[in-house]
Amino acid sequence: MKPLSIAAVQLNLGNKDNYALVEKKTREAVSRFPWLQMVIFSELAVGGAGSKDSSFYLSEYLDKFKDLAKELDIWLIPGSFYEEQKEGIYNTAPVINCEGELVTKCQKLYPFLPYEVGVEAGNEVCVFEVPGFGTLGLQICYDLWFPETSRALALQGAEVILHPSLTDTCDRDVERAMVKATAAQQQCYYIDVNAGGEQGCGLSLVAGPDGEILHDASIGEEFMLIEVDFDRVRRCRTRGLRGLGQPVKSFRDDPKPNLLNGKDENYLKKLGPLEIPKKEKNP
């Protein structure tokens, strides 16, 4: 099986209106690395955070990126966008193939509450096939914090998990640990791409199916070039991580569906509402 060449592009982004930069860097990536087959950017790369400004909604940019993908003959995931549907506003990442066709859309399953307000939660994981290569999954930013979402992607055959993210917070080191752990637990490639500049703190990370770090980005602009070896994923899942653990097959054979049914509702209620912490009074 031939490898899939991906560029995960970490950019120094302004808070708003980054379309011209994203287009420029897409062209630059293909010009510098003409063997590329896919390019991916960070969450909300074009419009930044905040769901109220409809001028940065997906509908304003989808056709432009479809034309760009077709012109450059690449698969393109231009980050995510807020998208208005009849149920409300979603955080949505489009997947566009090299023919300029919209293959699928990924809706963020867990908006970053209580901060990412006014955004609806998606209900389905996003898995898609790149013909001649393999199966990829897509999850957006905070979804990484819910291991059930990554397991669901693996169980649907995802051999690579793409993760556009947007964060500038002090828990970035925790997220990076999760990237490595998720790659090992799901025995897959995990490609995390964050923003730099005014939007984020960078420090994107790529891990392989044995949990090893393949690319560790700094805080500035960086093109992370990854050749995904699908045969390696399949061997790891078939024979075990370094010939040892086979968690995907173990879960397949014994998913223990009752584990999450035993919730202690009284305990969970004591945690209080999902809200921004209030300032504590001095004793």
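Beta bridges assigned by DSSP with both partners in the chain are antiparallel in approximately 65 percent of cases.
For the options Lys105, Lys25, Lys256, a Gaussian network treatment of the chain with springs between C-alpha atoms closer than 10 Å singles out Lys256 as fluctuating the most.
Based only on the alpha carbon positions, what is the Kirkwood hydrodynamic radius of the chain, in angstrom?
19.4
About its Cα centre, the chain has a charge dipole of approximately 780 debye under the convention of +1 per Lys or Arg Cβ and -1 per Asp or Glu Cβ, with nothing else charged.
Using a Gaussian network for the chain with springs between C-alpha atoms less than 10 Å apart, which of these wobbles most: Asn91, Asn123, Asn261? Residue with maximal mean-square fluctuation among Asn91, Asn123, Asn261: Asn261.
Of the GluC sites (Glu not before Pro) found in the range 196-271, those that fall in a DSSP loop while having at most 14 other beta-carbon atoms within 10 Å are Glu198, Glu212.
Listed peptides 94-103, 54-63 appear in the order 94-103, 54-63 once ranked by packing, highest mean of other Cβ atoms within 10 Å at the front.
Here, each number is a calculation from the coordinates, and none is a lab measurement. Note that the structure is a prediction, hence the values are computed from the model and not measured. Reconstructed Cβ throughout: ideal geometry from the backbone, glycine too, with neighbour counts over all protein chains shown.
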